[in-house]
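Values quoted throughout were computed directly from the atomic coordinates according to the rules given, and no laboratory measurement underlies them. Model, not experiment: these values are computed from the prediction. Reconstructed Cβ throughout: ideal geometry from the backbone, glycine too, with neighbour counts over all protein chains shown.
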Amino acid sequence: MNREILVGDVLEKIKEIPDKSIDCVITSPPYWTMRDYSVKGQWGLESDYHQYLAKLGRLMDQLRRVLKDTGTCWINLGDTYNDKSRIGIPERFYINCIDNGWIARNNIVWAKNNAMPCSVKDRFGNKFESIFFFVKQQKYYFNLDAVREKPITPTKAFNVRVRDTDKARFLQNATISEVKTHNKKGEFMGKASKEYLLKWQKNEDSIHKTNPYHPKGKNPGDTWLINTTPYKEAHFATFPEQLPTMILKCGCMPGGIVLDPFFGSGTVGVSAEKLGLRWVGIELNNDYVKLAKKRLEKYKIQTHLHFHSANSDNNNKNLINNLINNEGN
Ligand SMILES: C[S@@+](CC[C@H](N)C(=O)[O-])C[C@H]1O[C@@H](n2cnc3c(N)ncnc32)[C@H](O)[C@@H]1O
């Protein structure tokens, strides 16, 4: 299964996807009462938001079924106002997911500088949406190095305080040699500087377990400023390509397969193609399916990649070996 759009209702069509076959899920479900996608059976127009949340819950159960144990799941959700009050749909959804066993890794703030102008005068305009990052188990594929950012200030290898007693180390994981090369104030004393610098540059030093200034760049953090860039032929909110691209780079293993169960114009497919990844989409509206197919046609190069379930994947051992064993929380 690759480059396939399953046409129909998401809960029906997802049944066709085998257990533990997907490496990464990226999607933006229709928000509650925000838009009419002009198709019977569409989600988001339920009279009660509890019904909407219940459907999302059923979908999350299915996503957990199709996701490999090492996979990652990213859900973009926005909120709605009702009788003057912000409902808190993303928060309710997020808590439900945690209560149902998902491991929540981040609530990413997707901030937009070019958000729609807002005419409201008694509150602030909404300029962000949430992207919830979930996993199934504690060990999962995540390649932070692929998305590290250049620090604004250049890193200085010795600009790190290391206390001089074993017990009271500023850096919990400082080695004896690191401690020895620093004075009581934690300033570097200049001894063995070349050796230390080389270790630091090669990222061999235990200092990196706590040092935010990593030689490969800094962690981008959980606030992403990505402006919307609507796909001109779609009359609904599409992902800016940069968003799934960022997620796929860190959250989908090379050669892996990404599922977007609300495929729309197929932006997730476009990002996947550009990164040499496989994709599957589900979409209810036939007009959007046509649009996505047209958009993705040019990427149909003849690579016959096969769709492996996690159980039959010969590379599974390698995959496990490549997992990033995240330290701490
Ligand atoms: C927010 S849009 C997704 C846009 C997409 N991220 C993109 O970049 O184009 C939500 C999509 O969900 C689809 N949809 C709504 N109800 C659905 C259902 N029950 N099953 C499958 N797709 C559905 C809509 O037709 C719409 O294309």
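Here are the numbers:
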{"quantity": "Listed residue (88, 108, 118) projecting farthest to the positive dipole end of the range 48-122, Cβ model", "calculated": "108"}
{"quantity": "Fewest-first sequence of 39, 66 by Cβ atoms within 10 Å of each Cβ", "calculated": "39, 66"}
{"quantity": "³J(HN,Hα), Karplus 6.51/-1.76/1.60, whole Hz, each residue of the range 123-139, x for Gly, Pro", "calculated": "7, 7, x, 8, 10, 9, 10, 8, 10, 8, 10, 10, 9, 8, 9, 5, 9"}
{"quantity": "Loop trypsin sites (Lys or Arg not before Pro), the range 1-57, which have at most 10 other Cβ atoms in a 10 Å radius of their Cβ (DSSP)", "calculated": "40"}
{"quantity": "Note, ³J(HN,Hα) from phi for the range 247-262, Karplus 6.51, -1.76, 1.60, rounded to Hz, x at Gly and Pro", "calculated": "5, 5, 4, 9, x, 10, 5, x, x, x, 10, 10, 10, 10, x, 10"}
{"quantity": "Chymotrypsin sites (Phe, Trp or Tyr not before Pro) within the range 12-95: DSSP coil, no more than 15 neighbouring Cβ in 10 Å", "calculated": "none"}
